[in-house]
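J.: Quick one: this structure, given as structure tokens, is what I'll be asking you about.
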Amino acid sequence: MASRVHFLSLTQSRRKSSLALFVPMLKAAGLERVIGEGDITALKLHVGEPGNLAYIRPPYAEAVVNLVRELGGKPFLTDSTTLYTGRRRNGLDLMRTAERHGFAGVNVGAPFLPADGLKGDEAVTVPSPVEGNPPVHLAAAVAKSDALVCLSHFKGHEVTGFGGALKNMGMGCAAKAGKFYLHNQSKPFVDSKRCTGCGRCLEWCAVGAIQIEDGTAAILETSCTGCAHCLLSCPENAIRFKWDRAPAEVQRRIVEYAAALVKTLGGKVFYVNFVTDVSPACDCYPFNGPPLVADLGILAGDDPVAVDAACWRLVNEAPALPGSAAEDAELGEDKFRHIYRDVDPGVQLVEAQRLGLGTTAFEIVQEVGRG
């Protein structure tokens, strides 16, 4: 049976703002079925690395805060710390970035809490849903909540093809120990013929796994965490991945963590994807690049597989914008695979369906018409 995905289009002309129509769409999509009286409710989003401007606009988060409170819940905003260097590597820097980007206190009417604590080590350990795999280390603030609203910016990603609800849960709700596990298949290497030894990749390596040898960068695989952030730091495109094993396995592990989280929360999770500012890469970078397509809309539902699948189809069916990384993609072509040719983004959807998170079959319910 197909899952219903509610869709607020941003491409239609009307006299009301999208913000005014956003809350009625969430109500129609069934958010009240997830939030109970007194439920401590995590609103998980990506606050964006400073310099990146593609993250979700804070007024949408404020609208969700108000609706959760109206439904009897006790909301807070949250995100987790990172493995790599930058302005979100510890809880204090993450809170400062969240405040700077409008996701804290007076801006949205709810507090912001680091999901995995001050140093990324506050975790709840639960069994993996995949037999034989090690325990899952979930960010404590999310795992201990009564309910979760997953607010995801749908965009490209260099290892998973695209990032949506599944990635926001699986990677974004993992404590640091979990992130090590999720990344350790995506080990990069340096193409010495392209490398100029500029050293920019060293700035992004948080564990000192890159060094310059004889004028060329070298990556120590035993030290590398596989966080992938050296990939886009290289101006010469000299850092590559062992694509034969990395992307598919990383996607499966992300879904494994997402499934563990949903089970831990007893299925009390609701998903909202923003198909706006669809950047070619993750919001973890201090830049975002031209969007691949025009702003398409906001999708919501209780099935993360269907919500992500619907977003993927909408992006692929939309015309690519001139000047974007997908400008040469044909209408209907997978724009993310056009950019990352060796990555199949569909792996995460197939695995999520296999683990019982939802279905790739969806029915789009368009909430707003013209007028």
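J.: For region 66-141, which trypsin sites (Lys or Arg not before Pro) pass both filters: DSSP loop (anything but H, G, I, E, B) and at most 14 other C-beta atoms within 10 Å? Spell out each step's value before the answer.
T.: On the way: sites: Arg69, Arg87, Arg88, Arg89, Arg96, Arg100, Lys119; in loops: Arg87, Arg88, Arg89, Lys119.
Passing both the DSSP loop test and the Cβ count: Lys119.
J.: Separate question: So how compact is region 188-241: Cα radius of gyration and Dmax in angstrom?
T.: Values for region 188-241 (Cα only, Rg and Dmax): 9.5, 25 Å.
J.: Given points 7 Å out from each Cα along the Cα-Cβ axis, report the Arg313 to Gln211 separation in nanometres with one decimal.
T.: Once both label points are built, they end up 5.2 nm from each other.
J.: Still on this structure: In whole Å, largest first, what are the principal axis extents of the Cα atoms in the chain?
T.: Principal extents (Cα only, largest first): 62, 45, 41 Å.
J.: Along the Cα→Cβ direction, 7 angstrom out, place labels at Ala28 and Glu363. What is the inter-label distance in nm?
T.: 1.5 nm
J.: Only loop residues by DSSP count here, and only those with at most 14 other Cβ atoms within 10 Å; note down the GluC sites (Glu not before Pro) in region 1-79 that meet that. Spell out each step's value before the answer.
T.: Numbers: sites: Glu32, Glu37, Glu62, Glu70; in loops: Glu37.
Here the sparse-neighbourhood loop sites are Glu37.
J.: So for region 101-196, Kirkwood radius off the Cα pairs, Stokes-Einstein at 4 °C and 1.567 mPa s: how many µm² s⁻¹?
T.: On the way: Rh = 15.6 Å.
The calculation lands on 83 µm²/s.
J.: Still on this structure: What distance in nm lies between label points placed 7 Å from Cα along the C-beta direction at Thr196 and Ala20?
T.: Those two pseudo-labels are separated by 5.2 nm.
J.: Additional query: Where is the GNM fluctuation largest for the chain (alpha-carbon springs, 10 angstrom cutoff): Gly163, Gly297, Gly197?
T.: Gly197
J.: Next question, about the same structure. With springs only between Cα atoms under 10 Å, which of Asp214, Asp302, Asp277 fluctuates most in a Gaussian network model of the chain?
T.: Asp214
J.: What is the Rg over Rh value, at two decimals, for region 21-108, using alpha-carbon atoms and the Kirkwood definition of Rh? Don't jump to the answer; show the numbers that get you there.
T.: Numbers: Rg = 14.0 Å, Rh = 13.9 Å.
That ratio is 1.01, to two decimals.
J.: Ok, one more. Which lysines does Lys44 reach when only Cα atoms under 23 Å apart count, and residues fewer than 8 places away in its own chain are ignored?
T.: The reachable lysines, counting only those whose Cα sits under 23 Å from Lys44, are Lys27, Lys74, Lys119, Lys144, Lys155, Lys167, Lys176, Lys179, Lys263, Lys268.
J.: Something else: Which of the GluC sites (Glu not before Pro) found in region 117-218 are loop residues per DSSP with 10 or fewer other Cβ atoms within 10 Å of their Cβ? Numbers along the way, then the final one.
T.: On the way: sites: Glu122, Glu131, Glu158, Glu203, Glu213; in loops: Glu122, Glu131, Glu158.
For GluC sites (Glu not before Pro) across region 117-218 that sit outside H, G, I, E and B with at most 10 neighbouring Cβ atoms in 10 Å, the list reads Glu131.
J.: Set the Förster distance to 51 Å, then compute FRET efficiency between Arg240 and Lys263 from the Cβ-Cβ distance, nearest 0.05. Walk me through the numbers before you get to the answer.
T.: Numbers: r = 36 Å, r/R0 = 0.70.
The formula returns an efficiency of 0.90 here.
J.: Follow-up. Under the Kirkwood approximation applied to all pairs of distinct alpha-carbon atoms, what is the hydrodynamic radius of region 215-371 in Å?
T.: Evaluated over region 215-371, this radius sits at 17.6 Å.
J.: Between Val350 and Glu203, what is 0.36 nm times their sequence separation minus the Cα-Cα distance? Round to one decimal in nm. Walk me through the numbers before you get to the answer.
T.: Working: separation 147, 0.36 × 147 = 52.92 nm, distance 3.58 nm.
Residue separation times 0.36 nm, minus the Cα-Cα distance, leaves 49.3 nm.
We did not get these values from a lab; they are worked out from the coordinates using the rules stated. In this text the structure is predicted, and so the values were computed from the model without any measurement. Quick reminder, even Gly has a Cβ in these numbers, built from the backbone with ideal geometry, and neighbours come from all protein chains shown.
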